[in-house]
Structure formats: C-alpha cells, structure tokens
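The values are calculated or read from the model by the stated rules, or taken from the named source; none is laboratory data. If you're wondering where the values come from, they're calculated on a predicted model, not measured in any experiment. Methodologically, a virtual Cβ is constructed for each residue, glycine included, from the backbone with ideal geometry; neighbour enumeration extends over all protein chains shown. Keep in mind that these areas ignore ligands, DNA and RNA; they rest on the heavy atoms of the full protein, side chains included. Shrake-Rupley method; radii C 1.70, N 1.55, O 1.52, S 1.80 Å.
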Amino acid sequence: AMVDSAPRAVAAQDGRWSLAMAMPARPALLRLRSAAGRERLVVLAPIVDAPPSVSLQLPARDTVVRTATGTLVLRAQLRDDIGLGDAAFELIISSGQEENFTFRSATVGRVQLGGRAEGAMETRLRLDSLALKPGDVLQLRAVARDRNDATGPGVGSSETRALRVARAGEYDSVAVDAAPPT
C-alpha cells in the first residue's frame, strides 16, 4: 500500500489484510497492489466538519417594549452533520447612554443533545428577573456545539435578536394622519 507515494504497512490476518491510517487533511491517493500484480486506486477525499446549523424561531423579530415584565419564550431549531453535543441561549444586556455603557451576560436553557443529528430547545425567560431599565437592550442568540472529537467541537450560532426597553418620553408624541379634503 502507498499513500501519495509513501509506503504503508499492511497487516495480514486469517487470509485477509488490513491497513490502519488516519484520514489525511488534504485529498490523497491510496494505491493498493497485490503480490499477483493487481492494483486498485482509492481517492481519499476528506470532508471538513461543518459547524451546527442553528435557527432562532422565537422571538421571531427584534422588538421594543414599554416595560420589561412578563415571560419571553425562546425557541431554536438545531442540526449537525456529525451529531449535536449541547446547546444554550446566550444573553447580553447593555445599559447606559452616550459614553457610559455596562454589559452583563448570561447563559440560559442549556440542554445536552446526546449526539442526535437534529434537535430543538425551548425555555421561558422571566424579563422581571433581568432587572431591565428604560433604555436597556437585551440581545439574545442560540448557540450549539457538535461532538466532533477529531478537530475539536464546531460551534454554530443563530442570528441575534434584540429586545429594547423604551426610554422615558419615547412615546410622548402622537402621529396622526391628516384626513383628505372634503
């Protein structure tokens, strides 16, 4: 046996043979030749692991609320070519204005997916527990890790959604469409 002109040892066992090797990082040609002169060529074409595909289903869009009360349902759909390891929702809360901002982050709703190719996760987030004030912005996304143990886990994330708490005075004006002339 030869891989790209480099000889490889073949082991004989019970009238059969075997060749153990790691998949190369780049495409390679494996040449197998028998003592009788028969030859077989095998192309080794590695496929790189893709990160998980993550789709945030709820909340469906960015939104503005007057007060941060109640419960927000978070839901995501997950897929991976090798198998899903775990997933969670990541939150970043930004507070402040002009040049003074503070940020807090948290992870909620972590689930273990046990190697399944497809999965979903859902959790409920009590907005009261986040102590959001007028002007604060809650950014959230879903993140999943696969079970790739060859090159390390791939990480995929969804698009980010934002929930903004309206500032005081933001709703003070009223927009009225003028009526057409009689």
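Numbers at a glance
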read-out: Checklist (1) open to solvent by less than 80 Å² (accessible area, probe 1.4 Å); (2) assigned to a strand (DSSP E or B); (3) among the hydrophobic types (A, V, I, L, M, F, W, C) applied to Val43, failing item; value: (1)
read-out: Which numbered condition Asp81 misses (of (1) acidic (Asp, Glu); (2) more than 30 Å from Ala22 (Cβ to Cβ); (3) open to solvent by 80 Å² or more (accessible area, probe 1.4 Å); (4) outside any strand (DSSP E or B)); value: (2)
read-out: Subset of the stretch 1-31 that is closer than 23 Å to Thr151 by Cα and loosely packed, with under 12 Cβ neighbours inside 10 Å - its residue that is modelled with the lowest pLDDT; value: Ala25
read-out: Candidates Thr69, Thr107 - the one that is β-branched (Val, Ile, Thr), surrounded by 10 or more Cβ atoms within 10 Å (Cβ to Cβ) and under 30 Å from Ala168 (Cβ atoms); value: Thr69
read-out: Candidates Arg110, Arg124 - the one that is more than 30 Å from Met23 (Cα to Cα) and touching a Phe, Trp or Tyr at 6+ places or on another chain (Cβ under 9 Å); value: Arg110
